[in-house]
Amino acid sequence: MEGNRFVGKGIVKKDAEALLSGRPVYTDDLAPDNCLIIKLLRSPYAHAVIEEIKTDAARKVPGIEAIFTYEDVPPDRFTEAGQTFPEPSPDDRLILDKRVRYVGDPVAIVAGKDEACVNRALRIIKVKYQVLEPILDFTKSLDNEIIIHPEDNYVAKEGRGTDPKRNLCASQSRGEGDVDQVLADCDYVVEEVYHTKAVNQAMMEPFGAFAEKDIYGRLKITSSTQIPFHVRRIVARALNISKSNVRVVKPRIGGGFGAKQTAVCEVYPAFVTYKTGKPSKIIYTREECFIHGSPRHEMQMSVRIGADKNGKIRAIDLHTLSNTGAFGEHGPTTVDLSGTKSISLYRNLDAFRFSSDVVYTNVLSAGAYRGYGATQGIFAVESAVNELAHKMNMDPSVLREKNIVHEGDRLANYYGQVTESCALDRCIKRVKEMIDWDNKYPYVKTGPHTVRAVGMALSMQSSGINDCDVGSVQIKLNDDGFYTLMIGCSDMGTGCDTILAQMAADGLGCDYDNIIVRGVDTDQSPYDSGSYASSTTYVTGMAVVKACEQMKKRICEEAAPLMGLTPEQVEFDGALISEKDNPEHFMKLSDLVTRLQAGSGTLITAAASNTSSVSPPPFMAGAAEIEIDLQTGKITPVDYAAVVDCGTVINSNLARVQTEGGLVQGIGMALYEDIQYTEKGKLKNRNFISYKIPTRLDMGRIRVDFESSYEKTGPYGAKSIGEVVINTPSPAIADAVYNGTGLRFRTLPITSEQVFMGLHKK
């Protein structure tokens, strides 16, 4: 950007050297050597009640420190979801419960001096279960005679439509206009059902945390988490202690993608250390990440969409049924995005309706995953738009160009917000150029048995949760004139430390290397909601802008008397405090700090918090090119072109890799990743052999470009980018498969086997 030295530049990440050199920066690297090792005994049944549990023999195993069961834990229910207060997810779980609700549900906590003794103890614990019939099919859960949460101390949150006696975690309905009447009057209508299965985040670093007591007897938890301040709240609630007795530290995170927006493992070492007084840790194996993680919600979406003969989309009707699994973490909120981020892509609708039900089942509880429900809803609505275009014999890109939102448009299902920054039209134009759409649509024959086909989709997301998410920073001026930037948000590989430092350097007019970023410690860091909902750049970034303005004002206030002037008579350019009308009269910043330290002992600090009444959406257009072997059904990704409007691009390198990473995850969801259960509810995919994620050989070529708008409410005109980038591959690839084969798939993933079987049925 013009006038900025660092914003808009591809600055190398602050932690790049440490990560590349293999320094000990992750949770398990930092754990004390004397930690008790924790493992969990897990239920072999999808639904059962514990009648008896015998731990006497296991307690006698040499090296075992403690074994805890449901009889040892506090009786008050809580949620592991980490969202801004008031947490909307129901309080429906205990640390350990007498009723187990999925295969892998913890039954006992075992802590010992090493893994060998703990594993031995796990094998000799005897549990007698009353096995109950489970609900595994989420389409049969609502009003089923089997009740998954019959407990009396279940706590539902106000306004969420919760009814556990119906297996209903949440329910809602809203809209405008008479949808049924408008659809009946449309010239073209598509009515279909789409299904997205659960998928796993598969982050590099597994879930892990360790706990210890400090010299004051307080619990200190070090965790690989996206939500340090929420972990503090969750642990305090689970243990029934004051938050003042809990401190949470976040080291470097080896990826989260939303999985670590849920406190999956932290309560276990916290409880063990609280009870024993000894340090303890739990580090999940990869298998445990699969069976006791927080995957994307499985959803079934029923879509009706109608248009007139000229191609104007007049009405959209979307009902989403979401499978929250055994517990309700993120259930009420994730489902909302399936409607807000899909319907709102299209302008001037005569009517729309969005309704949803979130139901309990006896499978692993779901949670946050990049895209957070928008991914599922956009697959459904964008697929329906593609089907509508085909029904009208219209190019899908042309249908979109006729109907997409523009700057100044009120967003249909986005809480009445108006988009003041939108380059979606330019994104479509550019992505068509990149993929050579006009020459390749719908397909090109490339061999005797092969075709190359293209497909397109659009996406929008949010920039934090408006009137909810909070970002805070504190800046301290140090001797020699460098700054410490204290932040409360969690860098999980996204580079937010770097991005916020770039903003601070330009805001203060100093070198980038003069900004020292300190990560999260709930005892020292200013409060931040956490790194989720694409909030960091937009929400916390504006807090940085505000704090920099305060810091410059404070510097002028402290320097002016020493220069015999008033604060109004001086100005600060990042290095010198000068008299406005006499630039030769100045003081170096480093001299100011020295004089203050040696004289008054004044410490110059500035702090600022930020929240926003709006959540300006980033936009994206994506186009896929795939090759299909018509003899074998094999689908090979060839090219994926993506153009993103994230407002001002703060760091071009980080924005590009964020986009590329999201696209790869979207391709995996479309073609490869498929969580499956046995008929008794046991997860089949427990490792990377049985659960396939795309490798570099599976993704084809990925190309990214940006069409920037300027968001006046964002720092330096920026919006978010973290989540919008994952949403377009699945509907774009699904339509490309149709264009190349004539086969329409409405359930993900779309496998080569399915294409082969479909081709040979024709």
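Of note:
- Test: residue in the stretch 155-167 that is in a strand (DSSP E or B), in the same structural domain as Gly306 (by TED's automatic domain parsing) and hydroxyl-bearing (Ser, Thr, Tyr): no
- Among (1) buried (at least 24 other Cβ atoms within 10 Å of the Cβ); (2) farther than 19 Å from Thr659 by Cα; (3) in contact with a Leu (Cβ under 9 Å, 6 or more places away or on another chain) - the single one Ala389 does not satisfy: (1)
- The set of residues from the stretch 723-762 being more than 25 Å from Ser397 (Cα to Cα) and not aliphatic (A, V, I, L, M) comprises Thr751, Ser752, Glu753, Gln754, Phe756, Gly758, His760, Lys761, Lys762.
- Restricted to strands (runs of 3 or more DSSP E) entirely inside the stretch 172-277, those with at least 1 residues that are under 24 Å from the mean Cα position of the chain (by Cα), modelled with pLDDT of 95 or more and basic (Lys, Arg) are 246-249.
- Yes/no for Asp72 being within 30 Å of Ile515 (Cβ to Cβ), acidic (Asp, Glu) and touching a residue at least 12 places away in the same chain (Cβ under 8 Å): no
- Positions within the stretch 203-250 being surrounded by fewer than 20 Cβ atoms within 10 Å (Cβ to Cβ) and either farther than 22 Å from Lys275 by Cα or of a type in the set (Phe, Trp, Tyr) (or both), in sequence order: Met204, Tyr216
- Checked across the stretch 134-152, the condition of being in a strand (DSSP E or B) and either among the aliphatic types (A, V, I, L, M) or on the phi > 0 side of the Ramachandran plot (or both) holds for no residue.
- Residue within the stretch 527-540 that is surrounded by fewer than 22 Cβ atoms within 10 Å (Cβ to Cβ) and at pLDDT 90 or above present: yes
- Scanning the stretch 289-319 for residues that are in a loop (DSSP other than H, G, I, E, B) and within 19 Å of Thr139 (Cβ to Cβ) turns up Pro295, Arg296, His297.
- Filter result (farther than 20 Å from Gly325 by Cβ and over 23 Å from the mean Cα position of the chain (by Cα)) within the stretch 671-695: Ile689
- Lone qualifier among Lys60, Lys39 - being over 30 Å from the mean Cα position of the chain (by Cα), of a type outside the set (Phe, Trp, Tyr) and within 30 Å of Gln130 (Cβ to Cβ): Lys60
- Residue in the stretch 410-422 that is assigned to a helix (DSSP H, G or I), of a type outside the set (Val, Ile, Thr) and buried (at least 21 other Cβ atoms within 10 Å of the Cβ) present: no
- So Val638, is it among the β-branched types (Val, Ile, Thr) and either modelled with pLDDT under 95 or over 23 Å from the mean Cα position of the chain (by Cα) (or both): yes
- Selection over the stretch 383-437 of residues that are assigned by TED's automatic domain parsing to the domain that holds Phe706, in contact with a helix residue (DSSP H, G or I) (Cβ under 7 Å, 6 or more places away or on another chain) and among the basic types (Lys, Arg) gives a count of 1.
The values are calculated or read from the model by the stated rules, or taken from the named source; none is laboratory data. In this text, all values refer to a predicted model and were calculated from it rather than measured experimentally. Cβ atoms come from the backbone with ideal geometry, glycine included; neighbour counts cover every protein chain shown.
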